[in-house]
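Notes follow once the structure below has been shown.
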Amino acid sequence: HSCVFKFSGAWQIITGSSVLDISSCPITYYGQKYEQIYVTFMSENIAFCFDNFFNPETGGDCLVGTAPDLDSVEFWINEPNAGIQKLIYDNVATIQNRMECYVLFIMELNGKDLSVLCDCAVYEYGAVLSSDPKTCFSLTCSDTAALQISSCGPLERCEGNGICMLNSTCTVTGPTVIDFHGQVNSVENRCSYSLVLTPSVPNFHVLGNFLERRLKDMSFLDSVTLVLDRPSIKFHLEQGGRVRLDNTILTLNSSPQLVHNVELSKDRTGVTAKLLLSYSTISVFFDGYTAQIHLEGPADLPLEGLCGNSSRSLSDLRLSEYSSTSCEVKYNDPADSTINCNKMIERCNLLKEAPFSSCNSDIDPEPYITACTDTLCKYPAVDGLNCQFLKAYARACSLLNHTLDGWTSKTSCSSAAFCQDRICSDHEFCGQKTVGGDTRCFCRAIFASKYRSTDTLGDQTVCSQNSALLSLVGCLLEDKGIDYSALHLNDPTCRGQMDKLTHMVTFSFNSSNSCGMVVTTNNSHIIYTNTITNQNSSSDVITRRDQVYIDFSCVHIQPAIQTANFRIRDSSVIQHATPSVWNYTLTMKAYTDVGRTQAVESFAEVPLNQRIWVELKANGLDEEMVAMVTDSCWATDLASSTGSLRYDLIINGCANPADQTVEVKENGWGTSNYFFFNMFQFTGSSGEIYLHCKIHLCPKRRNKCIPTCKGAARRCRPASSKYKRAAPAFISLAWTN
């Protein structure tokens, strides 16, 4: 750094520490007149002292300023009566024809001249040297005799009357809060928190309520509560665009409605609640997943809560009266190995590219990028989550009149609210069945865990003296692909009733309406039994539709009441092979793809009507000499091949002509063959399915080993041969439903 001084038209440049003679224009500082200045340049600062050079340890009567980026500093000592024609500070303050004594600091910062005028001989400390109410700019000699510049902050605008107004947005999306000042905070539990609270408006409070969705250990903003006037008046902004005033559901549209001095409106993007005050406006927008609180008011308006500049900790801002007692219980879900974090980071960084970049100078994208990556690197990008943070940033920009043309097409997102008008119960959230597909209500992870851990679909049976009631969880039924409207008791006219608020499906029977109830008694018990099913009486041997059989009963042992739970077992696959007298190893494996690369693992689920490929293979044989022929395959309900229920898939080497889903491939060609069929189970049975196949080996020389099947390769007759068959090999494969 260097310093340039001008005395009566002469300039001198000094560096390091120097003494400047200002006797021609002495400075009065705190009532003391000084005729020389001790100038000290340091690595980051510049000091102007009146009694000695600056000492970092003892200080002194000095003016110390930070000047790490200054290109040069000039002092202009103006002698009395010389006059100053025109001086400009940042194109704002204009001073003409002043006849007093001035010290002029001319600072060049990044090539731009900033001229600062400090008339230390005329003004006392605390005096305002320059001000412009139109731009809210002021220049003051502070009470420590230092120059102080005042103007509106980056999140404020000047009203033209010297008053700066705050014009900022707090965004709450997922588990993240981006406050009015761009600071990021994260909620890690399922509690309710204070978002905005201002002591100047004691009757207005905005709360954020957080709950889990698909994972137990990650929470999301679930609803917003506005409390005003008194605790009894609460507006609840919920998923699906529903708004409740206390317990009354309000009907809203795009035309604002005034309710308790709050303007309420609803459009395709979400719900807006606006509170108009004499000196400020607070609007709360909520689309079911993101809340944005926009504040226009005095810059000095005190704000508390997660959105404000509160020094209180997160735990201090938790509202116990609105939270459940277990909201702080911690859970740990295993990490999702399918998430590609690098891909998610790339997605989130779109906020720094066009068209978002046109807004970056007004709204810093980094807090939104941080919120986006922290969430999507832990939680799957489903239920519109990959658009949620981009949409939140775009709307915050729109509040500052940035249109961001084309952002929806570039990101494949929609500006419309996700799950609009889809109302779920308290233990549910709205999500997508498949990526980009239809929406439905899903069970929250913690709520569902108590049922999934016991493989049940509802609560225990509730028994009274001569009746029983069983409630199933609607979202669990949907998880299993079960249509509740198709369920009934033994009497098909007795169907379940779904509660519109809880989505619980209830079945009941009693002595006056037995619904096919079976009653048995003995000396000490009275037992009531019924079955929930989706099957009607039928003589069909098989079905390719999901079957439901839930037996429930009440056992009364006076005076106590005992109940029985129900259980539906999932599918599993078990495979084993039995060699014959030939010296070879025989295997039978099931696959889910035509290339026979995706094996059906043990205990894996096999949905009904899914196509299954079964490959039979004999290892250890020369296929040039011998071929393996599958004579027959059939299914039974027991492990024994002679089970009481039997269904044929392959007959005499050919597909069963009565089942159009069966086709046999490469039978008799070599040492392996395969066939496929659509998965089924026996009607009226929820037990195991066993698949049995009988094969034989056919020497290829002078023998025709390929079965001849008629009727478009479906009807067949046994292949002719000139040899005596060896004892057939036998193999079984079992599915447990």
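Please work out whether the stretch 253-365 counts as rounded, prolate or oblate from its C-alpha gyration tensor, where a ≥ b ≥ c are the square roots of the eigenvalues and a/c under 1.5 means rounded, while otherwise a/b larger than b/c means prolate and anything else oblate? It is oblate, given that a/c is not under 1.5 and a/b is not larger than b/c.
Extending 7 Å from the Cα toward the beta-carbon at both Asp316 and Glu601 defines two label points whose distance is 5.0 nm. In the stretch 272-318, one over the average inverse separation of all distinct C-alpha pairs is 12.2 Å, which is the Kirkwood hydrodynamic radius. Maximal additional length on extending the Val518-Lys352 stretch stands at 52.9 nm, based on 0.36 nm per residue less the C-alpha distance.
Taking all protein chains as present, what is the carbon and sulfur share of the accessible area of the stretch 212-350, in % to the nearest whole number, probe 1.4 Å? About 47 percent, which is the carbon plus sulfur part of the accessible surface.
For the stretch 341-442, the relative contact order comes to 24 percent (Cα pairs under 8 Å, sequence separation of at least 6).
When each of the peptides 527-534, 277-284, 629-636, 325-332 is scored by the mean number of other C-beta atoms lying within 10 Å of its residues, the order from highest to lowest reads 629-636, 527-534, 277-284, 325-332. Annotation: amide H of Val259 within the under-5 Å range of Leu264, sequence separation 5 or more or interchain, hydrogens built in the peptide plane.
Summarising the amide proton neighbourhood of Ser186: residues at separation of 5 or more, or on other chains, whose placed amide H is nearer than 5 Å comprise Val177. Applying 1/(1 + (r/R0)^6) with r as the Cβ-Cβ distance of Glu263 and Val128 and R0 = 45 angstrom yields a FRET efficiency of 0.65.
Annotation: Tyr549 carries an accessible surface of approximately 70 Å², with a 1.4 Å probe and no ligand, DNA or RNA atoms counted. In this view, the solvent-accessible surface of Ser512, computed with a 1.4 Å probe and all protein chains in place, comes to about 110 Å². Taking 7 Å steps out from each Cα toward its Cβ at Asp405 and Thr661 produces label points 5.5 nm apart. For Lys704, the amide hydrogen comes within under 5 Å of the amide hydrogens of Lys722, counting only partners 5 or more places away or on other chains and with H modelled in the peptide plane.
Among the listed pairs Lys617/Lys665; Lys617/Lys710; Lys589/Lys665; Lys266/Lys378, those with a Cα-Cα distance over 22 Å are Lys617/Lys710; Lys266/Lys378. Each of the peptides 663-672, 243-252, 615-624, 173-182 was scored by the mean count of other Cβ atoms within 10 Å over its residues; in descending order, highest first, they stand as 173-182, 663-672, 615-624, 243-252. Taking square-rooted eigenvalues a ≥ b ≥ c of the alpha carbon gyration tensor, is the stretch 341-442 rounded, prolate or oblate, where a/c under 1.5 means rounded and, failing that, a/b exceeding b/c means prolate? Judged from the Cα gyration tensor, the stretch 341-442 comes out prolate (a/c at least 1.5, a/b above b/c).
The values are calculated or read from the model by the stated rules, or taken from the named source; none is laboratory data. In this text the structure is predicted, and so the values were computed from the model without any measurement. Note: ideal-geometry Cβ built from the backbone for every residue, glycine included; neighbour counts use all protein chains shown. Surface accessibility is based on the protein's heavy atoms, side chains included, excluding ligands, DNA and RNA. Shrake-Rupley method; radii C 1.70, N 1.55, O 1.52, S 1.80 Å.
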